[in-house]
Amino acid sequence: MIKNDVPIFPLSSITFPGGYMPLRIFEPRYLDMVKNCVKTNTGFGISLTKIDRNQFYEVGTYCKITDWEQMHDGLLGITVRGKFRYKIIDSNVQSDDLIIARIEQMEEPDYIGIPDELMPYSDFLKNILEQYPKFYHDDAPKYYSESGWVGSRLAEILPMSAKEKQVLLETEDYLVRLYRIKDYIDSKKNI
């Protein structure tokens, strides 16, 4: 599916479909973007910035606002939830410096369970979320037997570089993604 006129919010961090991300909004172009998204019940894309802050990756996550509040410091706080991965077809910059893009929704595999050998990584995630519920909404459903959900949540919370997370976001096979995360976690055990 193609979506036109989608605002793109380049950030130095990533969220995955099904994930939640808190954001503090202060630039006028993004305040206007949030106001328009709330008014029209639409979302925006989050794309990881490259080393040159004026560039960003073409694959990102389309998000919708789930909550907002005026913060004590006067900034607008919002929480977004990732809906689907996208690839930017083309984009342009408006006069207010907001990036607007035409995006294509990327296909997601159907449900893929977790092989027995990877279940310890699902258990690892469950332990993290039980000890630190701030990493994922308390009342949101959790799918510890689904490889896409487990891999996405681990990728969001593990201390990987943004570029490593981007590679995982672009990985279409959920099991390949989870095996890459397994390799990352296993490599840290030996340090």
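The values are calculated or read from the model by the stated rules, or taken from the named source; none is laboratory data. Quick caveat, the model's predicted, so the values are computed rather than measured. Cβ coordinates were reconstructed from backbone atoms using ideal geometry, including for glycine residues, and neighbour counts include every protein chain displayed. Each accessible area value is taken on the protein alone, full model and side chains, heavy atoms only, with ligands, DNA and RNA left out. Shrake-Rupley method; radii C 1.70, N 1.55, O 1.52, S 1.80 Å.
For the reader, a short list of remarks on this structure follows.
- Entries of Lys83/Lys165; Lys83/Lys189; Lys50/Lys142; Lys64/Lys188; Lys35/Lys134 with Cα pairs more than 29 Å apart: Lys83/Lys189; Lys50/Lys142; Lys64/Lys188
- Remark: the Asn54-Tyr144 segment gains 28.7 nm on full extension, using 0.36 nm per residue and subtracting the alpha carbon distance.
- Probe 1.4 Å, accessible area per residue of the range 85-191, Å²: 57 Å²
- Shape of the range 54-97, Cα gyration tensor, a/c cut at 1.5: oblate
- Note on Gln70 and Asp123: with the Förster distance fixed at 41 Å, the Cβ-Cβ geometry gives a FRET efficiency of about 0.55.
- Using the Cβ-Cβ distance between Val93 and Ile2 with R0 set to 30 Å, the FRET efficiency from 1/(1 + (r/R0)^6) comes to roughly 0.90.
- Protein accessible area in the chain, 1.4 Å probe - carbon and sulfur %: 50 percent
- Highest mean packing comes first when the peptides 56-67, 143-154, 165-176, 30-41 are listed by Cβ atoms within 10 Å, giving 143-154, 56-67, 165-176, 30-41.
- Relative contact order, whole percent, for the chain stands at 23, derived from Cα pairs under 8 Å and 6 or more residues apart.
- In this simple spin-label model, placing a label point 7 Å from the Cα along the Cα-to-Cβ direction at both Glu164 and Ser13 gives a separation of 1.7 nm.
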